[in-house]
Amino acid sequence: MAIASPPDTVVAWLGDTRRHVVCLQELKTLYEMFPVRMLANSGYAAAWAGQKPRRGVAIPSRIGDPVATRARLPGDPNERHIEAAIGGLIIASICLPNGNPQPGPRFDPRLARSSGSGGMRRDC
């Protein structure tokens, strides 16, 4: 479910499910186009990183304001990862494209990003 298509669909889903914290991927919207007010009106605060055409991740929360602690994977210029502190926990939302076909020129770099996540924690 992409924020860009349309944002009220995501907000309605959040209202129906009443999840405390949600990790969203493939936002398909720029950082400045993220529907902050629409989420706030539904009781959610969010940390997000947005980039077109298919990238972007977010962590909406209704149990506290997420404080972004990391906005992308080390060595990756794309907005595919965000970490946020919420209520004493670090929550991560990551979008790992499948990298088809295998083997291929796109597969190895994507595998490298996902295995070890650039030196990030491995205790998840």
- So how do Glu26, Glu32 line up by other beta-carbon neighbours within 10 Å, fewest first? Glu32, Glu26
- Message: Would region 7-94 count as rounded, prolate or oblate if I go by the C-alpha gyration tensor, calling it rounded below 1.5 in a/c and otherwise prolate when a/b exceeds b/c, oblate otherwise?
- Response: oblate
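Bear in mind these aren't lab numbers, they're just calculated from the coordinates by the rules spelled out. Just so we're clear, the structure is a prediction, and the values are computed from it rather than from any experiment. Positions of Cβ are backbone-derived with ideal geometry, glycine not excepted, and every protein chain shown enters the neighbour counts.
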